[in-house]
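Derivation of every value follows stated rules applied to the coordinates shown; laboratory data play no part. Here the structure is a predicted model, which is why all the values come from computation and not from measurement. Cβ coordinates were reconstructed from backbone atoms using ideal geometry, including for glycine residues, and neighbour counts include every protein chain displayed.
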Amino acid sequence: MDALIIGAGAAGLAVAEALAERGWEGDITLVGQENYVPYDRPPLSKALLSGEQEFDFVSLCSEESLQNNNINLVKGKTATLLDATQKVVNFDDGSRMIFDKLIIATGVDARDLPATQHIDAALTLRTFEDSMKFRGLMTEGKEILVVGAGFIGLEVAATAILKGCTVHVVEPSPGVLYGKFPEVLSERIRQSHEEKGVNFHFGQVVEHWNAPDGVLESVTLSDGTTITAEAALIGIGTIPTTGWLADSGLTIANGIMCDAHGLAAEDIYAVGDVSNWFLPLIGENRRIEHRLSAGEQAQIVAAQLTGTDAPALDLPFFWTDQYQEKWQGYGYVDWQADIEIVHDDKEANKLVAVLRKDGVLEAVIGKNAVKQLMPYRRELKLAAQAAGAAKL
Ligand SMILES: Cc1cc2nc3c(=O)[nH]c(=O)nc-3n(C[C@H](O)[C@H](O)[C@H](O)COP(=O)(O)OP(=O)(O)OC[C@H]3O[C@@H](n4cnc5c(N)ncnc54)[C@H](O)[C@@H]3O)c2cc1C
């Protein structure tokens, strides 16, 4: 029995390692399109981007540790087609691989702006190379434009401010993290950024990129404002990397639809950002782009494949670091849920907010409040289980 894993990011590596740990007896082949050992992405907008850390900080394994686990890593190879009936994957170099069990872990691509294709200093941020390139552009005194006030845009804005850059953030919505985070908390985040010097342009899009010969000089916004910009980071969301699966027969609907154990079709599983699992806790499918979910899903799939005990899927956990503020959350965040701020210590810059829907606890979010969040976790899990059971 041979396992083939496509996508050598956090989720793909975690499946490979979990299979090895759980006694998988066949070959484990991990194929990735990048030319690096699997690495962690959260630092790409934080410590790696700022220059505090280098690749050894983000790498998740070494060639040696992979060999010790009998994991065969194939780098620089892109899967282009899946024949699920014949159990074959084709690659860009013309080669093919057959499998007994396939695990798809191809993650997501950063959504791009076609108007910036010809501009050298306008980048999305998904890979180690993107981060290193933007780090090189983001030196002290530079005029940095961020398009999109989502998590990645805000983290880049914070890092750029800490590096001594001038920062403008352009966002079509009326606020930061709009539609993702409760408004009262988004407001707090906006205030922190403004206090540090970030210039927001809400309700605006970039109408014109002024970049003669591909060299960015300025942009014009929809309200006619012109902003000087030497480099731009496009942080406008992601698209699940499923193009190569178009003719596979798998059900693709905002990622690869899976059951509660990651099964997408007979002998085919999906994990990580690209997957859209059924979540018994809430009684519906949901695609989750959180680093820790990738690791948990990997353990569940490896348990299925090896017939070993599977851990239960925990509630989603996310975090974002901006300046000295570490925001964390447990649960399924609905930005329109009823919110109650139960702890608000402005001096210590700590905050805890609980989110309820129809009186049922759904999520808890904290700022610099790791310990204070803990008591809510058990309560949340019980509430989610009750809600999930009611929907089954
Ligand atoms: C800048 C940034 C900051 C983040 N910060 C946080 C954070 O603070 N907290 C948090 O919880 N999460 C964060 N995330 C999200 C987190 O990194 C992801 O949830 C996690 O990386 C998912 O792992 P994955 O293996 O599913 O996908 P990925 O890590 O994207 O790995 C997928 C791999 O598959 C490869 N691949 C794609 N297509 C093919 C193909 N056809 N053939 C072969 N290989 C292919 C890709 O090249 C890639 O290496 C951040 C992400 C980014 C980009």
* Local electrostatic count at D267 - Lys and Arg +1, Asp and Glu -1, tallied over other residues with Cβ under 10 Å -> 0
* Asked: What residue among G153, G235, G136 shows peak mean-square fluctuation when the chain is described by a Gaussian network model with Cα springs under 10 Å?
  -> G136
* Structure fact -> Calc'd 3J(HN,Hα), segment 235-241, phi into Karplus 6.51 cos²θ - 1.76 cosθ + 1.60 (θ = phi - 60°), Hz, glycine/Pro = x, comes to x, 10, x, 9, 10, x, 7
* To do: Would you mind calculating the relative contact order of the chain from Cα pairs under 8 angstrom and at least 6 residues apart, reporting the percent as a whole number?
  => 15 percent
* What are the residues whose amide H is under 5 Å from the amide H of L73, where those residues sit 5 or more places off or on another chain and H is modelled from the backbone? -> L30
* **Mean Cα-pair separation over length for segment 324-391, i.e. relative contact order, pairs under 8 Å, 6 or more apart, %** => 30 percent
* What's the local net charge at T85, with K and R +1, D and E -1, over the other residues with C-beta under 13 Å away? -> -3
* What number, rounded to the nearest 500 deg cm²/dmol, is the helix-based mean residue ellipticity at 222 nm of the chain, given -39500 (n - 2.57) per DSSP H run of at least four residues and division by all its residues? -> -7500 deg cm²/dmol
* **Anisotropy class of segment 324-391 from Cα gyration tensor, a/c 1.5 cut** => prolate
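For T251 and S65, what is the calculated FRET efficiency with R₀ set at 35 Å and r taken between the beta-carbons, to the nearest 0.05?
Computed FRET efficiency for T251 and S65: 0.50.
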* Asked: With a ≥ b ≥ c the root eigenvalues of the C-alpha gyration tensor of the chain, is it rounded (a/c under 1.5), prolate (a/b larger than b/c) or oblate?
  -> oblate
* For N72 and N35, FRET efficiency with R0 = 22 Å and r from the beta-carbon atoms, rounded to 0.05? -> 0.85
* Structure fact -> Checking rank on 17-25, 369-377, 297-305, with mean other Cβ inside 10 Å and highest first, the result is 297-305, 17-25, 369-377
* **Packing-based ranking, highest mean first, of 350-356, 307-313 given that Cβ atoms within 10 Å are counted** => 350-356, 307-313
* Structure fact -> Cβ-Cβ cut-off under 13 Å around Q297, Lys and Arg +1, Asp and Glu -1: the net charge is -2
* Asked: Hey, in the GNM for the chain with a 10 angstrom Cα cutoff, which one of A231, A110, A348 fluctuates hardest?
  -> A348
* With r as the distance between the Cβ atoms of L292 and I98 and R0 = 30 Å, compute the FRET efficiency 1/(1 + (r/R0)^6) and round to 0.05. => 0.40
